[in-house]
Amino acid sequence: MARPSYPTPISDLASEILDPVLRRRAGISIGLVQSWDEIVGASLADRTRPEKIVWPRRMTDDDPFEPATLVIACEGMAALEVQHQTTEILGRVNAFLGFAAIGRIRIVQKVVAVDDRRRRPALRRLAPAEEAGIAAAVRPIEDGGLRDALERLGRSVAGSRKPLSR
């Protein structure tokens with residue numbers, strides 16, 4: 001009997017593609033980037049991100065292991081918070097990686113989060129007839145909260161459209 005095949009989540013496919021590239025270019029794994037909010041906490045995760053891991057050069061294979069430097073990009077005052085929490089962040093990152101891989105943190109100040117939320121256009125003022133039409137459409141709804149929500153929705157939809165020409 002054949003096993004059923006299930007679709008593969010896109011995140012798994014993206015991880016398989018991105019992980020080798022990140023490891024080669026930045027010395028960092030996609031797992032660290034994805035788990036960053038769990039490592040540093042939600043408040044810092046919005047204003048920081050791991051940039052790369054810089055491993056010290058080894059001249060020969062016999063050279064002793066030296067821990068790497070984690071480069072963290074920070075926005076504004078987040079750099080100060082990261083600086084104060086350096087020891088805790090080092091411990092959490094090393095616990096995540098499973099060994100004492102990181103020995104230092106280097107902070108780089110730069111823009112981390114791009115606010116790609118678009119500004120909403122200003123809604124036009126509704127004509128009295130439009131207001132009356134919306135009120136009449138939601139009047140039969142018994143639940144007051146639902147009625148108010150639908151009335152606000154109707155106003156925003158009507159206000160975002162051009163007025164009807166008569």
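Determine whether V82 is under 19 Å from the mean Cα position of the chain (by Cα) and part of a loop (DSSP other than H, G, I, E, B).
In short, no.
It is to be established whether one or more residues within segment 105-112 are more than 23 Å from the chain's Cα centre (by Cα), of a type outside the set (V, I, T) and at pLDDT below 90.
Here is the first cut: in segment 105-112, the ones more than 23 Å from the chain's Cα centre (by Cα) are none.
No, every residue in segment 105-112 fails to be more than 23 Å from the chain's Cα centre (by Cα), of a type outside the set (V, I, T) and at pLDDT below 90.
Out of the residues in segment 39-76 that are without any contact (Cβ under 8 Å) to a residue 40 or more places away in the chain and part of a helix (DSSP H, G or I), which is nearest to R106 (Cα to Cα)?
Ranking the qualifying residues of segment 39-76, first place goes to A45.
If you check A79 against the conditions, is it loosely packed, with under 12 Cβ neighbours inside 10 Å and either under 15 Å from R106 (Cα atoms) or touching a helix residue (DSSP H, G or I) at 6+ places or on another chain (Cβ under 9 Å) (or both)?
no
The values are calculated or read from the model by the stated rules, or taken from the named source; none is laboratory data. Please read these numbers as outputs of a predicted model, since none were measured by experiment. Cβ atoms come from the backbone with ideal geometry, glycine included; neighbour counts cover every protein chain shown.
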